[in-house]
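What follows draws every value from the coordinates through simple rules; no lab data is involved. All values reported here derive from a predicted model rather than from experimental measurement. Cβ coordinates were reconstructed from backbone atoms using ideal geometry, including for glycine residues, and neighbour counts include every protein chain displayed.
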Amino acid sequence: MKQSVYEKITAKIVADLEAGVRPWMKPWSAEHAAGRITRPLRSNGIPYRGINIVMLWMQAMDRGYAAPIWMTFKQALELGGHVRKGEHGTLVVYADTITRTDTNEKTGEESESVIPFMKGYTVFNVEQIEGLPAQYHALAEAPLDPVQRIERAEAFFAAIGASIITGGNMACYSVSHDHIRMPPFETFRDAEGYYATLAHECVHWTRHPSRLDRDLGRKRWGDAGYAAEELVAELGAAFLCADLELTPEVRDDHASYIASWLKVLKDDPRAIFTAASHAQRAADYVNAFTGNRAAQAA
């Protein structure tokens, strides 16, 4: 039986998680000139969104690509390039609909219904393509300044306006009190770990009824709804860290979360698509406060 797009992608993510790898943890790389933007990019420079970010990050990690730019076979030809013989492309998807017309057997009246589905197509990383204009393979001229990146993170999170309380030894978001609690900055192993954790909690912050009003059925700690919300926060934080050029830190509760995510994904092949969609909306919501419109491009 042929796997659906949902099943094929979920199977890959499940395999990575079972191997102890979180496929959305794509380390930031400055080897390529476009590495300053760590979301995968289309040939025209527009970032991919949602589940496609995770899918292309997985492929980049598997194959060791430093360049974040992807294009179709036809786009490569239009730019004067050609995909090297023997190279295999990567699946990306987009949502589409079909309209079905049904006839009522009793009245003979016709009615139309719109049915959504996921459609896939193939792209290639620019490292698989020869003959492209020089900018597609340009290397970074100099290392990026880590101080500048952290300063930008400070400004980014300050612009959101979330209530952040410092203290204790646990990072969490309280929906009833509508505040984020963060351990002191100095208790983190590095600055990027602090901001990555704060990004995770800011995605949880978007679930409040006054914001995105996200309810995934969470009733108690550790249930399926809890695991689904944590998966949304993980993906959303990875998207935000990509926009901020930060490398997310593997959290200490890594193993227990993986077990709960695996159950959610195995029970529902569409769960990762739903989580990525919620994560994208959360990242868009947060970016809107900061004026980071580029990260919200369609």
Seminar exercise, completed: Filtering trypsin sites (Lys or Arg not before Pro) in the stretch 62-134 by DSSP loop and by at most 14 other Cβ atoms within 10 Å leaves ARG84, LYS85, LYS106
Seminar exercise, completed: Expressed as a percent, the portion of alpha-carbon pairs in the stretch 99-238 spaced more than 24 Å apart is 58
Seminar exercise, completed: In whole percent, the Cα-Cα distances of the stretch 5-296 spread across 10 Å bins from 0 upward as 6, 26, 32, 22, 10, 3, 1, 0
Seminar exercise, completed: Ordered by number, the trypsin sites (Lys or Arg not before Pro) in the stretch 154-225 that occupy a DSSP loop and have at most 10 other Cβ atoms within 10 Å are ARG189, LYS219, ARG220
